[in-house]
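Undergrad: Structure incoming, see below.
Throughout, read-outs are computed from the coordinates displayed, never taken from laboratory work. Note that the structure is a prediction, hence the values are computed from the model and not measured. So basically every Cβ, Gly included, is an ideal-geometry build from the backbone, and we count neighbours across all protein chains shown.
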Amino acid sequence: MPNSLLHELVTLTTQHFFLVGVSMLFAAIVAIPLGIILSWRSGWRDVALGVVNVVQTIPSLALFGFLIPIPILGGIGAHTAIIALVLYALLPMLHNTVTGILNVDAGVRDSATALGMTTGERMWQVELPLAAPTILAGVRIATVTTIGTATIAAAIGAGGLGVFIFRGLAAVDSMLLLAGAIPAALMAIAADRGLEWVERALSRH
Amino acid sequence: MTGPSSKASGSQTSRTYAAMSLVSFRDVSLGFGQRLILRHFSLDVEVGETLVLLGRSGSGKTTALKTVNAMLLPTTGAVLVEDRPTTAWDHIQLRRRIGYVIHDSGLFPHYTVAQNVALVPHLEKWPAADIEARVTSLLQKVGMPVGEFGARYPDELSYGQRQRVGVARALAADPPLLLFDEPFGSLDPVIRLELQRQFIALRQEMRKTSIFVTHDVREALFLGTRIAVLLNGSIEFVGPPREFLQASTPEACAFLSCLQPLEV
């Protein structure tokens, strides 16, 4: 592998990592608190989950396309890609947060209330710790899919490993294709294993 | 309502012990939508007694229990705890003064036995040394010495052991009142008897007032100092076990017939 390609590989991998990392961070900041609120409000729950479900069905290339003409939020570059990736990550994170909290044993929840925990104490000391493995499973699913989806972000100039893939497609160069696809796959496997380990550590009481 | 009404039986003692009522249900009705779970439910619980609410499933006994610690609020009428309506209490303060044990113990699965028992003292910000001393003494009392069980998690205990820990947790902050919602319901008969005996021993030692929900007539007779029979959200009969054995109201008789040996 020529040195310049190796150098570019490092740059693009870093970009890719950054795209996914920032997206996951924003998605978690939105989805986890929103999921907590939705676990209290059954009325809003179906509406919100319905909306993120619909977002999920938009093909990613199309979603990137839709965002380009939108002023401030959209345009060409990494920030547009991050918005799209956040939107995709909302569903698994939101869904798992709501499910995790609602699945806390009713007897445990009742006892917490009956023994005089405030809503906040119950949330922080009982519901969230018990829901944590499920919430983290949502983060894991979102991360692994986003690592794949983020390769398409190169189409709107966001960089990342997709640059190799698009270039490889254009040049019909399978080595370039692999130079993009293999690191992305390895990153996905590493994220999956790493987060699975954290998940297991959390469910061990 | 047939038989001695709750009000009539309460009035015999109300003059002498009026100030001693720890809990007082005053014409409580409670409904969810169109369905009334409690209908004009009136009852006084005196300091130091173990009042058993005996009834079938759906008779409203658990609902009645949950109005005491403001888990549910009456639609009409009032529940007074220490002469103050539950609606006027700060619910958090009220609940921390009332121990609560349910049938599947409701222990926190991510807390150790010791942490579970320490819950309310911890919420009340007791000094750490006091909490530790309290946990040690309570776990000893329920036969689960802290050295052996303190660091275990609920899923490492048998069902009966979890119920013991549940009782210890309810007693932790030394509440004057304890609520039991069929705590021994799913135990095998041998362990159940053991826990019932322990309940009586603890009662003699700690002198708490308890409201105990059950559908088991033997348990009601064994543990209750007074038994209230519930039917469709109202009290059909209330009186001490000796009177209950002579009761002639239909639902009381239905429960008493469970004591007869089966005709084979």
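The rows are residues; the columns are (1) among the hydrophobic types (A, V, I, L, M, F, W, C); (2) surrounded by fewer than 20 Cβ atoms within 10 Å (Cβ to Cβ); (3) within 22 Å of B:Leu177 (Cβ to Cβ); (4) within 14 Å of chain A (Cβ to nearest Cβ).
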| site | (1), (2), (3), (4) |
| --- | --- |
| B:Gln34 | no, yes, no, no |
| B:Arg39 | no, yes, no, no |
| B:Thr50 | no, no, yes, no |
| B:Gly58 | no, yes, no, no |
| B:Ala64 | yes, no, yes, no |
| B:Thr67 | no, no, yes, yes |
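Undergrad: Just for the range B:75-89: of the residues that are over 16 Å from the mean Cα position of the chain (by Cα) and touching a residue at least 60 places away in the same chain (Cβ under 8 Å), which one is surrounded by the fewest Cβ atoms within 10 Å (Cβ to Cβ)?
TA: Restricting to residues being over 16 Å from the mean Cα position of the chain (by Cα) and touching a residue at least 60 places away in the same chain (Cβ under 8 Å), the top hit is B:Asp83.
Undergrad: Only residues that are under 20 Å from A:Gly50 (Cβ atoms) and in contact with a Lys or Arg (Cβ under 8 Å, 6 or more places away or on another chain): list them for the range A:90-124, please.
TA: First, the residues of the range A:90-124 that are under 20 Å from A:Gly50 (Cβ atoms): A:90-102.
Correct list: A:Val98 only.
Undergrad: Could you grab me the full set of residues in the range A:145-200 that are acidic (Asp, Glu) and in contact with a helix residue (DSSP H, G or I) (Cβ under 7 Å, 6 or more places away or on another chain)?
TA: A:Asp192, A:Glu196, A:Glu199
Undergrad: When you go through (1) facing chain A (nearest Cβ under 7 Å); (2) buried (at least 19 other Cβ atoms within 10 Å of the Cβ) one by one for B:Ile92, which number turns out not to apply?
TA: Condition not satisfied by B:Ile92: (2).
Undergrad: Let me ask something else. Restricting attention to the range B:112-125, and to residues there that are more than 8 Å from chain A (Cβ to nearest Cβ) and of a type outside the set (Val, Ile, Thr), which single residue is farthest from the chain's Cα centre (by Cα)?
TA: Result: B:Lys125.
Undergrad: Looking at B:Gly160 and the list (1) within 14 Å of chain A (Cβ to nearest Cβ); (2) within 22 Å of B:Glu194 (Cβ to Cβ), which single condition is not satisfied?
TA: Only one criterion is unmet by B:Gly160, namely (1).
One line per residue, one yes/no per condition, for (1) buried (at least 21 other Cβ atoms within 10 Å of the Cβ); (2) without any contact (Cβ under 8 Å) to a residue 24 or more places away in the chain; (3) closer than 20 Å to B:Leu65 by Cβ:
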site: B:Arg203; (1), (2), (3): no, no, yes
site: B:Gly224; (1), (2), (3): yes, no, yes
site: B:Phe237; (1), (2), (3): yes, no, yes
site: B:Ala247; (1), (2), (3): no, no, no
site: B:Ala254; (1), (2), (3): no, yes, no
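Undergrad: Among the residues of the range B:221-264, count how many are under 17 Å from B:Glu46 (Cα atoms) and not in a strand (DSSP E or B).
TA: Result for the range B:221-264: 5.
Undergrad: Based on this model, can you work out whether A:Thr99 counts as under 30 Å from A:Val126 (Cα atoms) and among the β-branched types (Val, Ile, Thr)?
TA: Working: under 30 Å from A:Val126 (Cα atoms): yes; among the β-branched types (Val, Ile, Thr): yes.
Yes: the conditions hold for A:Thr99.
Undergrad: Surrounded by 19 or more Cβ atoms within 10 Å (Cβ to Cβ) and more than 8 Å from every other protein chain (Cβ to nearest Cβ): is that true of B:Leu107 in this structure?
TA: no
Undergrad: Here is a follow-up. Looking at the range A:114-126 only, could you name the residues that are of a type outside the set (Gly, Ala, Ser) and buried (at least 22 other Cβ atoms within 10 Å of the Cβ)?
TA: Result: A:Leu115, A:Met117, A:Val126.
Undergrad: Identify all residues within the range A:34-80 that are closer than 30 Å to A:Gly120 by Cα, without any contact (Cβ under 8 Å) to a residue 40 or more places away in the chain, surrounded by 12 or more Cβ atoms within 10 Å (Cβ to Cβ) and of a type in the set (Val, Ile, Thr); write none if there are none.
TA: A:Ile37, A:Val51 - these are the residues of the range A:34-80 that are closer than 30 Å to A:Gly120 by Cα, without any contact (Cβ under 8 Å) to a residue 40 or more places away in the chain, surrounded by 12 or more Cβ atoms within 10 Å (Cβ to Cβ) and of a type in the set (Val, Ile, Thr).
Undergrad: Okay, next question. Mind checking which pairs have a first residue in the range B:142-168 that is at positive phi and a second that is among the hydroxyl-bearing types (Ser, Thr, Tyr) and surrounded by 15 or more Cβ atoms within 10 Å (Cβ to Cβ), Cβ under 7 Å, 6 or more apart or different chains?
TA: Here the result reads none, with nothing in the range B:142-168 linked to a residue that is among the hydroxyl-bearing types (Ser, Thr, Tyr) and surrounded by 15 or more Cβ atoms within 10 Å (Cβ to Cβ).
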